[in-house]
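Here the structure is laid out as structure tokens; the discussion comes afterwards.
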């Protein structure tokens, strides 16, 4: 019997492997790390590092946009100035209705300066009031401003809607945000001291400029940080008085509302 030499490189098993190797002679094997592999890995690693940075930056941009939306620039172009109502120098308004009573409220400039406030009524239905008398008090976190009446007359009623939704005061100051309904006693004599139509528009622009001067003069007396209400270009932010100290509210009352 003939013995099979397993050490023979041309044995049946080795011959089969040899044939397989011959079939692969037309192909070559390249190690990824010997060509572009390192570059690909660097790019992937860079992207993995960039994604968290991009997400953080995008989040910051969105936060900034929300802040800018909440703290928009206070300019004359955004003020609501209906042309058919009378504006008093103490930043109240009056509108005579067909019924003979007059709606009274706060103007848009004052509310954009103070931000959201609540109203405390100082008069009751049936009370007699003279122009310049204390009519109401507005409050923001314990800081208050007193509001004088723009007309004389008899108080008919206060606005019950403000007790349920104080936001109406800022959202719709000349409509649903009115404060009092008053029966005028001297309308014709008192209205010439108020502003109407184009005169009201011009006056409110002057008042906005006067408020900017007030902030520039008074803010740094109490806290230099409060000048952050001034945006790029020296423009004022809306609700700027809301970040001011109590002392400046007192100055605002004395120098701006009751000069």
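The values are calculated or read from the model by the stated rules, or taken from the named source; none is laboratory data. Given the structure is predicted, the values throughout are model-derived calculations rather than measurements. Note: ideal-geometry Cβ built from the backbone for every residue, glycine included; neighbour counts use all protein chains shown.
Results, tabulated for the structure shown:
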| item | result |
| --- | --- |
| Conditions (1) over 22 Å from residue 81 (Cα atoms); (2) at pLDDT 95 or above; (3) surrounded by 15 or more Cβ atoms within 10 Å (Cβ to Cβ); (4) within 33 Å of the chain's Cα centre (by Cα); number of the one not met by residue 218 | (2) |
| Residue in the range 103-117 that is in a loop (DSSP other than H, G, I, E, B) and under 18 Å from residue 194 (Cα atoms) present | yes |
| Positions within the range 237-251 being in a loop (DSSP other than H, G, I, E, B) and buried (at least 17 other Cβ atoms within 10 Å of the Cβ), in sequence order | 238, 239, 244 |
| Residue in the range 137-145 that is touching a strand residue (DSSP E or B) at 6+ places or on another chain (Cβ under 6 Å), closer than 23 Å to residue 237 by Cα and in contact (Cβ under 8 Å) with a residue 60 or more places away in the chain present | yes |
| Single residue of 241, 204 found to be closer than 23 Å to residue 171 by Cβ, modelled with pLDDT of 95 or more and touching a helix residue (DSSP H, G or I) at 6+ places or on another chain (Cβ under 6 Å) | 204 |
| Residue count for the range 164-197, restricted to those that are under 24 Å from the mean Cα position of the chain (by Cα) and free of Cβ contacts under 8 Å to residues at least 12 places away in the same chain | 6 |
| Helices (runs of 4 or more DSSP H) completely within the range 125-196 that count 2 or more residues being exposed (fewer than 14 other Cβ atoms within 10 Å of the Cβ) | 161-164, 187-190 |
| Residue match in the range 79-87 (condition: closer than 16 Å to residue 135 by Cβ and either touching a helix residue (DSSP H, G or I) at 6+ places or on another chain (Cβ under 8 Å) or at pLDDT 95 or above (or both)) | yes |
| Of the criteria (1) crowded, with 22+ Cβ neighbours inside 10 Å; (2) in contact with a strand residue (DSSP E or B) (Cβ under 9 Å, 6 or more places away or on another chain), which one residue 112 fails | (2) |
